[in-house]
1. Are any residues in segment 186-203 under 20 Å from the mean Cα position of the chain (by Cα) and part of a loop (DSSP other than H, G, I, E, B), and if so, which ones?
2. Name the residue, out of 51, 109, 62, 105, that is assigned by TED's automatic domain parsing to the domain that holds residue 151, closer than 14 Å to residue 172 by Cα and at pLDDT 90 or above.
3. What tally of residues in segment 120-175 results from selecting those that are surrounded by fewer than 17 Cβ atoms within 10 Å (Cβ to Cβ), touching a strand residue (DSSP E or B) at 6+ places or on another chain (Cβ under 9 Å) and in a loop (DSSP other than H, G, I, E, B)?
4. Any residue at all in segment 220-232 that is touching a helix residue (DSSP H, G or I) at 6+ places or on another chain (Cβ under 6 Å), under 26 Å from residue 71 (Cα atoms) and not assigned by TED's automatic domain parsing to the domain that holds residue 252?
5. Can you give me the number of residues within segment 64-119 that are within 22 Å of residue 179 (Cα to Cα) and touching a strand residue (DSSP E or B) at 6+ places or on another chain (Cβ under 7 Å)?
6. How about segment 153-180: which of its residues are touching a helix residue (DSSP H, G or I) at 6+ places or on another chain (Cβ under 8 Å) and free of Cβ contacts under 8 Å to residues at least 60 places away in the same chain?
7. I need the full set of residues from segment 103-119 which are surrounded by 15 or more Cβ atoms within 10 Å (Cβ to Cβ) and part of a loop (DSSP other than H, G, I, E, B), in order please.
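The values are calculated or read from the model by the stated rules, or taken from the named source; none is laboratory data. Keep in mind that this is a model prediction, so the values were computed, not measured. Neighbour counts run over all protein chains shown; Cβ positions are idealised from the backbone, glycine included.
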């Protein structure tokens with residue numbers, strides 16, 4: 001086979017592969033694609049876990065620091081089961097590994113969503129994955145640096161001479177990780193609205209009109225995502241309301257209505 005024929009056959013194979021990506025996927029193919037993406041996500045999280053496990057004690061101290069700062073001098077952290085401290089170290093490393101691998105994890109999620117996107121949007125999957133990871137991490141950092149000090153100071157403020165706080169590692173880890181993931185996911189709201197607006201499902205006018213219902217849903221979501229206390233719910237619902245207002249502007253600037261308006265202006269200029 002000559003070099004020209006080999007090059008032609010390779011081009012045909014690539015063309016067939018690209019064409020197959022544009023064809024509708026069956027339900028079985030969707031499940032297979034989901035399994036493939038989940039497998040890669042698990043591998044990425046495991047690699048992140050192995051990297052972070054080397055720094056498990058430092059990461060553990062960082063996670064505990066907001067509570068340790070506000071605990072009275074006579075109080076300390078405790079664990080009630082022999083393996084509790086060991087497994088807490090493992091969980092801290094796993095969570096840190098997920099955050100470390102979040103750009104790749106979001107990339108796999110968007111690759112799975114990719115078949116339902118427009119061709120012009122598919123080429124932005126990598127930037128979108130990094131933006132998703134950035135919003136996720138920023139949300140978690142907001143929870144850690146803003147919400148944790150306020151919330152923990154409030155809870156520890158009920159201590160007195162008769163009552164001394166001695167939180168367990170397991171309870172604190174569960175409480176703090178729920179908040180970190182909740183705030184991380186909450187900060188994805190503008191990006192979520194961006195895609196709904198691009199697809200024409202929502203627009204800025206609809207979001208403004210439904211603002212009062214959105215506020216109610218935000219408080220319900222905050223009650224579901226956060227531990228069952230009013231302080232955590234308020235500290236989450238406040239930023240979510242701000243993000244909703246930001247999402248209105250996102251829909252106005254980058255939604256389909258803005259795109260159609262720009263197109264009509266261009267058509268008028270062409271007619272002139």
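1. Across segment 186-203, the qualifying residues are 187, 188.
2. On the way: 51 fails: closer than 14 Å to residue 172 by Cα; 109 fails: closer than 14 Å to residue 172 by Cα; 105 fails: closer than 14 Å to residue 172 by Cα.
Testing whether each residue is assigned by TED's automatic domain parsing to the domain that holds residue 151, closer than 14 Å to residue 172 by Cα and at pLDDT 90 or above leaves just 62.
3. Qualifying residue count, segment 120-175: 1.
4. There is no residue in segment 220-232 that is touching a helix residue (DSSP H, G or I) at 6+ places or on another chain (Cβ under 6 Å), under 26 Å from residue 71 (Cα atoms) and not assigned by TED's automatic domain parsing to the domain that holds residue 252.
5. 2
6. Answer for segment 153-180, where residues must be touching a helix residue (DSSP H, G or I) at 6+ places or on another chain (Cβ under 8 Å) and free of Cβ contacts under 8 Å to residues at least 60 places away in the same chain: 178, 179.
7. If the condition is that a residue be surrounded by 15 or more Cβ atoms within 10 Å (Cβ to Cβ) and part of a loop (DSSP other than H, G, I, E, B), then 117 is the only one that fits.
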